[in-house]
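Worksheet: the structure to be examined is printed underneath.
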Amino acid sequence: MKFFILLLVLICNLQSLAQAQIVQPCSKIGSLLVVEEESHKILFETNSQKLIYPASLVKMMTAYLTFEALEKNQLTLERELTFSARAQEISRVNKVNTLGIKEGDKISVLKAIQTLIIKSYNESAIVLAEAVANNEWDFVKKMNKKALELGMINTSFRNASGLHEEGQYTTASDLARLALHLKKDFPQFYNFFSMKEFSYKNRIIKSHNRILNEYEGAEGMKTGYTNASGYNLVSSAKNNNKRIFSVVTGCASSRYRDDLSKFLLDLSFLDSTENNNLYFKKISLKNSNQIYDNQKK
């Protein structure tokens, strides 16, 4: 009953959602924000200015600077890159989610971008950073400079991969701003975020971004996780020519993060009374109650 009351309140107040803090984040350290692309109107927001650890959402800025280098013809998608000793070192940090590369191994810029976005390999962030700026630290300087240029005034980068490091932080608001700029500034590369798999050395490797497979209209974006950050997700989806970007951070599990993201996207696409019945048919009461129950814990 409480959940249905909450839903009714949400539906009756959709026109004033920009100022409302109705949906709770995943946890005390979490935050959320949903923004419409065309108007930049904030549809939902809770703790969006709170400093958080970004984890692999950092790779969105790594991708941004790589796209910028491609646009300026400083790189080509066909160019072959060589993994450095630093890349090998970072490749060993995550013993499960890794290409297992060695110093001297080769990869094209195209494959490096695919592995960066689709599977979030840390070594791919390093090889791209070194290709753009010779070394990771110089690349980080570029990341922070670009963040300021984009208006991400509450963001500080310390590495290209998103591995946890004190002093590396951002906000849901800044991440949404970055997502909007990725689409606006590089529409020719935006499709990388919607790719569900890639091939590497005769292997087909699939994305672990479940939103791409589970949500109609999903266009992807980026997952992120460390012990310190919790489970983070930036999502984009399009419905009837309306594109929405959502940011969910600080969740205790990837499933909870995904369910909350889909719930927010559903509510955000609900923009008229005539769609209410369609919405109630579409949304899963089981999943919705799970989200509500988790919020009470």
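The values are calculated or read from the model by the stated rules, or taken from the named source; none is laboratory data. Quick caveat, the model's predicted, so the values are computed rather than measured. Quick reminder, even Gly has a Cβ in these numbers, built from the backbone with ideal geometry, and neighbours come from all protein chains shown.
Just to verify a result, which residue in the range 158-182, among those that are among the small types (Gly, Ala, Ser) and in a helix (DSSP H, G or I), is surrounded by the most Cβ atoms within 10 Å (Cβ to Cβ)?
The extreme case among them is 172.
Looking for whichever is closer than 17 Å to residue 116 by Cβ, of a type in the set (Ser, Thr, Tyr) and within 17 Å of the chain's Cα centre (by Cα) here; the options are 200, 215, 231, 225. Which one fits?
225
For the range 89-143, name all the residues that are at positive phi and touching a Ser or Thr at 6+ places or on another chain (Cβ under 6 Å).
Selection gives 120 alone.
Return the residues of the range 245-254 that are under 15 Å from the mean Cα position of the chain (by Cα) and surrounded by fewer than 24 Cβ atoms within 10 Å (Cβ to Cβ); say none if nothing qualifies.
250, 254
Residues that are of a type outside the set (Val, Ile, Thr) and in contact with a His (Cβ under 8 Å, 6 or more places away or on another chain), at least 2 per element: which strands (runs of 3 or more DSSP E) completely within the range 41-157 meet that?
Once the strands (runs of 3 or more DSSP E) in the range 41-157 are filtered for at least 2 residues that are of a type outside the set (Val, Ile, Thr) and in contact with a His (Cβ under 8 Å, 6 or more places away or on another chain), nothing remains.
Return the only residue of 44, 139 being of a type in the set (Phe, Trp, Tyr), closer than 24 Å to residue 176 by Cβ, out of contact with any Pro (no Cβ under 6 Å at 6 or more places or on another chain) and modelled with pLDDT under 95.
Only one candidate passes the filter, namely 44.
Conditions (1) touching a strand residue (DSSP E or B) at 6+ places or on another chain (Cβ under 8 Å); (2) modelled with pLDDT under 60; (3) of a type outside the set (Lys, Arg), marked per residue:
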| position | (1), (2), (3) |
| --- | --- |
| 217 | yes, no, yes |
| 228 | no, no, yes |
| 231 | yes, no, yes |
| 240 | no, no, yes |
| 245 | yes, no, yes |
| 270 | no, no, yes |
| 289 | no, yes, yes |
| 292 | no, yes, yes |
| 296 | no, yes, no |
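Determine, yes or no, whether residue 151 is surrounded by fewer than 16 Cβ atoms within 10 Å (Cβ to Cβ), of a type outside the set (Lys, Arg), under 24 Å from residue 196 (Cα atoms) and touching a helix residue (DSSP H, G or I) at 6+ places or on another chain (Cβ under 7 Å).
For residue 151, the condition - surrounded by fewer than 16 Cβ atoms within 10 Å (Cβ to Cβ), of a type outside the set (Lys, Arg), under 24 Å from residue 196 (Cα atoms) and touching a helix residue (DSSP H, G or I) at 6+ places or on another chain (Cβ under 7 Å) - is not met.
When you look at residue 154, is it of a type in the set (S, T, N, Q) and within 14 Å of residue 65 (Cβ to Cβ), yes or no?
Judged against the criteria, residue 154 is not a match.
For the range 238-261, name all the residues that are in contact with a helix residue (DSSP H, G or I) (Cβ under 7 Å, 6 or more places away or on another chain) and either closer than 18 Å to residue 224 by Cβ or assigned to a helix (DSSP H, G or I) (or both).
245, 246, 247, 248, 249, 251, 256, 258, 259, 260, 261 - these are the residues of the range 238-261 that are in contact with a helix residue (DSSP H, G or I) (Cβ under 7 Å, 6 or more places away or on another chain) and either closer than 18 Å to residue 224 by Cβ or assigned to a helix (DSSP H, G or I) (or both).
Pull out all pairs, ordered by first then second residue, where Cβ-Cβ is under 9 Å, the residues are six or more apart or on different chains, the first lies in the range 81-105 and is free of Cβ contacts under 8 Å to residues at least 12 places away in the same chain, and the second is of a type in the set (Ser, Thr, Tyr) and surrounded by 13 or more Cβ atoms within 10 Å (Cβ to Cβ).
Listed by first residue and then by second, the contacts come to 92/98; 100/91.
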